[in-house]
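Have a look at the structure below, then the notes.
Bear in mind these aren't lab numbers, they're just calculated from the coordinates by the rules spelled out. This is a predicted model, so every value here is computed, not measured. Positions of Cβ are backbone-derived with ideal geometry, glycine not excepted, and every protein chain shown enters the neighbour counts.
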Amino acid sequence: MSETEFSSSALGTKEHWDVVYSRELQTFQEYGDEGEIWFGEGSITRVVRWLNAQKVPLTSSILDIGTGNGMLLVELAKSGYSKLLGVDYCADAIALARSICEKEGVSQSIHLQVVDFLGTFGPSELFDICLDKGTFDAVSLDPNGGEDKRSQYVQTLCRILKPNGFFIITSCNWTKDELLAQFGEEFEMKDELLTPTFSFGGHTGRSVTALVLQRRNCS
Ligand SMILES: C[S@@+](CC[C@H](N)C(=O)[O-])C[C@H]1O[C@@H](n2cnc3c(N)ncnc32)[C@H](O)[C@@H]1O
């Protein structure tokens with residue numbers, strides 16, 4: 001699947017992701033197929049290219065929130081980044097990501113943990129960079145109160161990201177303005193990453209938004 005639309009609140013439940021990644025783990029074990037790359041390969045290259053273009057040091061600590069199969073981290077490791085952590089609340093996603101990292105020979109650079117990002121996640125050090133590709137979208141669709149979950153998400157993010165640290169988010173559920181409304185109090189916009197456009201009825205739009213936000217220095 002490439003530029004996918006989220007359409008169902010089932011995507012906001014852990015049960016949904018447990019079923020998805022149990023199947024994807026099994027497929028990987030049987031056929032070696034890494035599974036879905038959410039929003040397509042381009043969504044990975046966009047992030048990696050931006051970090052490279054900004055000359056973000058390879059020693060930066062980078063967290064991928066809701067890492068799924070971990071493919072974004074695999075590409076970052078291949079690019080030379082070595083302090084990478086992927087978290088996901090779905091144990092089979094982490095098992096899949098671990099197997100893929102072993103196959104790709106990048107396990108030394110990537111740590112993986114089963115973590116509910118909306119729980120009591122308390123890393124020992126703050127991160128230089130946090131990444132999200134589709135996870136804030138999923139959190140937003142929680143049928144038991146997306147709005148609460150969204151503010152919990154922002155609170156956790158602010159707790160674990162260094163002042164002036166970058167948050168790079170790729171979303172298909174929210175426009176640039178909506179994301180800025182959600183994160184704008186704590187973050188300022190640094191960059192917008194170009195995503196494919198579509199035209200319909202004389203209007204042009206984007207189905208995926210990718211923004212680089214910078215944590216305001218609160219001290
Ligand atoms: C659309 S998938 C994207 C996966 C991955 N980022 C990618 O681009 O392939 C959303 C991911 O968020 C994870 N997720 C959703 N809510 C989460 C939470 N509260 N804590 C940790 N992971 C979560 C899901 O298990 C799933 O792996």
Point to revise | Chain lengthening between residue 181 and residue 159 when straightened (0.36 nm per residue, less Cα-Cα) | key: 6.0 nm
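If neighbour count is taken as other Cβ atoms inside 10 Å, put 67, 45 in order from fewest to most. List each step's numbers first, then the result.
Working: 67 29, 45 11.
Sorted ascending by nearby Cβ count, the order is 45, 67.
Over the chain, what is the mean sequence separation of C-alpha contacts under 8 Å (at least six apart), divided by residue count, expressed as relative contact order in percent? Don't skip to the end; give the middle numbers.
Numbers: 397 pairs, mean separation 44.0, N = 219.
Computed over the chain, the figure is 20 percent.
Using DSSP to define loop residues, name the trypsin sites (Lys or Arg not before Pro) in the range 13-57 whose beta-carbon has at most 13 other beta-carbon atoms within 10 Å. Don't skip to the answer; put the middle values down first.
Working: sites: 14, 23, 46, 49, 55; in loops: 55.
In loop regions of the range 13-57 (DSSP not H, G, I, E or B), the sparsely surrounded trypsin sites (Lys or Arg not before Pro) are 55.
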Study note, to complete from the structure: Rounded to the nearest 5, the percent of antiparallel DSSP beta bridges in the chain equals 45
Review point. Per-residue HN-Hα couplings for the range 92-105, Karplus 6.51 cos²θ - 1.76 cosθ + 1.60 at θ = phi - 60°, whole Hz, x for Gly and Pro?
Key: 6, 5, 5, 5, 5, 4, 4, 5, 5, 4, 4, 4, 7, x
Review point. Given the options 135, 120, 156, which has the most mean-square fluctuation in a GNM of the chain, springs set between C-alpha atoms less than 10 angstrom apart?
Key: 120
Study note, to complete from the structure: Diffing the range 21-31: the Karplus 3J(HN,Hα) column from phi (6.51, -1.76, 1.60, θ = phi - 60°), in whole Hz with x for Gly and Pro, holds 7, 5, 5, 5, 5, 5, 4, 5, 5, 7, 10
**Study point:** Gyration tensor (Cα) of the range 9-215, equivalent ellipsoid semi-axes in angstrom
**Key:** 24, 20, 19
Study note, to complete from the structure: When 116, 142 are ranked with the fewest other C-beta atoms within 10 Å first, the list becomes 116, 142
Review point. Which ³J(HN,Hα) values in Hz, rounded to whole numbers, follow from the phi angles of the range 177-182 under the Karplus curve 6.51 cos²θ - 1.76 cosθ + 1.60, where θ = phi - 60° and Gly and Pro get x?
Key: 5, 5, 5, 5, 5, 6
Review point. If each residue's Cβ is checked for other Cβ atoms within 10 Å, how do 141, 76 rank with the fewest at the top?
Key: 141, 76
Exercise for review: Report the paramagnetic label zone for residue 113: residues of the range 120-137 whose backbone N is under 16 Å from a point 7 Å from Cα along the Cα-to-Cβ axis.
Suggested key: 120-131
Check your understanding: Across the chain, where is the longest run that never hits GluC sites (Glu not before Pro) in a DSSP loop with at most 14 other C-beta atoms within 10 Å?
Key -> 6-124
Review point. What residues qualify as long-range amide H neighbours of residue 193, i.e. H under 5 Å apart, gap of 5 or more or another chain, H built at 1.01 Å from N?
Key: 210, 211, 212
